2 protein chains.
Amino acid sequence: MRLTHEQFRELAAKHGLAVTHQRQVVYEAVIASHGHHSPESIYAAVRRRIPSISLATVYNNLRLFIECGLLREVTPHASTLRVDGNIKPHHHLVCSRCKSVQDIEGEFIDFNRLSRQLPDGFDLTQPLIEVFGLCRRCRAKT
Amino acid sequence: MRLTHEQFRELAAKHGLAVTHQRQVVYEAVIASHGHHSPESIYAAVRRRIPSISLATVYNNLRLFIECGLLREVTPHASTLRVDGNIKPHHHLVCSRCKSVQDIEGEFIDFNRLSRQLPDGFDLTQPLIEVFGLCRRCRAKT
DNA sequence: CGATCGTTTTATACTGATTATTATTCGATA
DNA sequence: TATCGAATAATAATCAGTATAAAACGATCG
Ligand SMILES: [Mn+2]
Ligand SMILES: [Mn+2]
Ligand SMILES: [Zn+2]
Ligand SMILES: [Zn+2]
């Protein structure tokens with residue numbers, strides 16, 4: 001999706017961001033992609049319009065957009081592999097900020113409703129849920 | 001938790017794994033850690049009992065344990081950052097195998113029950129849920 | 001026993017994603 | 001036009017994880 005300079009200007013202002021050409025193009029590439037894409041693939045798309053752009057600029061601006069709420073991050077606890085010795089099916093509570101993981105009990109999922117929403121062929125025989133929020137410590141830090 | 005050699009031997013046999021001293025110590029380190037730890041931290045723990053162990057062995061055996069179901073992986077889509085241009089609160093359906101992400105609609109969470117399970121101080125004002133399963137393609141591959 | 005062979009471990013090199021650093025460029029303003 | 005802070009580009013560095021190849025292990029057979 002292309003935005004006019006005016007539209008992006010307004011959007012950026014609302015989120016407290018300075019406007020640059022690079023930023024507008026990066027943002028538009030994300031929106032146009034209609035999915036959940038990696039920085040590399042955004043970079044590839046952006047280069048078609050700004051061949052001289054640097055990968056670091058793409059990363060910087062994606063981070064910036066995420067911080068100010070223009071984009072949403074989809075990478076729960078992506079930094080490193082984690083293993084769980086408890087293989088009984090159970091769900092997790094994850095802090096969006098510090099990526100800490102703790103177990104959570106309880107039957108809070110309506111599996112009937114959930115299965116009605118599943119795309120065809122998706123296998124949910126061992127459903128695992130991750131609920132994201134802010135842990136106490138991160139919340140305290142503001 | 002320490003297991004006797006016999007206990008681990010039995011456990012490994014059940015999952016079709018050969019028994020080695022390294023494997024037993026790695027496994028015990030995960031179980032004893034009672035949490036969701038990274039390979040590096042498991043490595044640190046294991047080195048206290050086998051100073052000569054190599055990091056690759058820890059990785060190899062963790063992967064092996066995960067594959068055969070002795071451990072559970074807790075790393076949803078860990079390989080790389082993903083961004084979402086859609087910042088309206090919505091939930092995701094994630095394939096545990098290929099890490100693909102798609103949106104999922106619907107009110108399938110009972111937030112009353114959920115909040116009752118939350119540890120003190122956990123902030124769930126903007127609850128985001130990720131539901132894990134197997135996408136059609138990965139399911140077909142067996 | 002002692003040789004053999006497949007498996008496991010070790011040591012180390014390598015890759016790929018991300019971040020850090022630093023110099024350059026840009027743009028608003030005086 | 002000169003100045004200054006912010007943004008970008010170029011590049012180096014880091015870090016998690018994987019690949020590779022040599023060494024060690026351990027069961028088995030003669
Ligand atoms: Mn757990
Ligand atoms: Mn989404
Ligand atoms: Zn936190
Ligand atoms: Zn899949």
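You will find that of B:PHE111, B:PHE132, the residue that is within 13 Å of ligand 4 (Cβ to nearest atom) and not assigned by TED's automatic domain parsing to the domain that holds B:LEU11 is B:PHE132 and no other.
I need a count of the residues in segment A:34-50 that are in a loop (DSSP other than H, G, I, E, B) and within 14 Å of DNA strand D (Cβ to nearest atom). Walk me through it before giving the result.
The first filter runs over segment A:34-50 and keeps only residues in a loop (DSSP other than H, G, I, E, B), leaving A:34-35, A:38, A:48-50.
Those still in the list that are within 14 Å of DNA strand D (Cβ to nearest atom) too: A:48-50.
Here the count works out to 3.
For segment B:10-30, the criterion of being assigned to a strand (DSSP E or B) and within 9 Å of chain A (Cβ to nearest Cβ) is met by none of the residues.
Look at (1) farther than 24 Å from A:ASP123 by Cα; (2) without any contact (Cβ under 8 Å) to a residue 24 or more places away in the chain and you find that B:ASN61 fails only one, number (2). For A:GLY121, the requirement of being facing chain B (nearest Cβ under 7 Å) and surrounded by fewer than 19 Cβ atoms within 10 Å (Cβ to Cβ) is met.
Taking the conditions exactly as written (surrounded by fewer than 17 Cβ atoms within 10 Å (Cβ to Cβ) and free of Cβ contacts under 8 Å to residues at least 24 places away in the same chain), does A:THR75 satisfy them or not? Answer is no for this residue.
Which residues, counting only those in segment B:100-128, are closer than 23 Å to A:ASP120 by Cα and not aliphatic (A, V, I, L, M)?
Residues of segment B:100-128 closer than 23 Å to A:ASP120 by Cα: B:100-109, B:128.
Answer for segment B:100-128, where residues must be closer than 23 Å to A:ASP120 by Cα and not aliphatic (A, V, I, L, M): B:SER100, B:GLN102, B:ASP103, B:GLU105, B:GLY106, B:GLU107, B:PHE108.
Checking each residue in segment B:94-142 for being of a type in the set (A, V, I, L, M) and free of Cβ contacts under 8 Å to residues at least 24 places away in the same chain picks out B:ILE109, B:LEU114, B:LEU118, B:LEU124, B:ALA140. Across segment A:73-108, the qualifying residues are those that are touching a helix residue (DSSP H, G or I) at 6+ places or on another chain (Cβ under 7 Å) and not assigned by TED's automatic domain parsing to the domain that holds A:LEU134, and the one among them that is nearest to DNA strand D (Cβ to nearest atom) is A:LEU81.
Screening segment B:25-72 for residues that are over 16 Å from the mean Cα position of the chain (by Cα), over 24 Å from B:ALA13 (Cα atoms) and not hydroxyl-bearing (Ser, Thr, Tyr) and picking the one that is surrounded by the fewest Cβ atoms within 10 Å (Cβ to Cβ) gives B:PRO51.
Report, by residue number, each residue of segment B:107-127 that is out of contact with any Asp or Glu (no Cβ under 9 Å at 6 or more places or on another chain) and either assigned to a strand (DSSP E or B) or at pLDDT below 90 (or both).
Of all residues in segment B:107-127, those out of contact with any Asp or Glu (no Cβ under 9 Å at 6 or more places or on another chain) come to B:111-112, B:114-116, B:118-127.
If the condition is that a residue be out of contact with any Asp or Glu (no Cβ under 9 Å at 6 or more places or on another chain) and either assigned to a strand (DSSP E or B) or at pLDDT below 90 (or both), then B:ASP123, B:LEU124, B:THR125, B:GLN126, B:PRO127 are the ones that fit.
Is it fair to say B:LEU70 is within 16 Å of ligand 2 (Cβ to nearest atom), modelled with pLDDT under 95 and in a loop (DSSP other than H, G, I, E, B)? When the stated conditions are applied, B:LEU70 does not pass them.
For segment A:129-141, the condition holds for no residue, the condition being that it is more than 19 Å from B:THR125 (Cα to Cα) and at pLDDT below 95.
The values are calculated or read from the model by the stated rules, or taken from the named source; none is laboratory data. Because the structure is a prediction, the values reported are computed rather than measured. For neighbour counting, all protein chains shown are included, and Cβ atoms are generated from backbone atoms with ideal geometry for every residue, glycine included.
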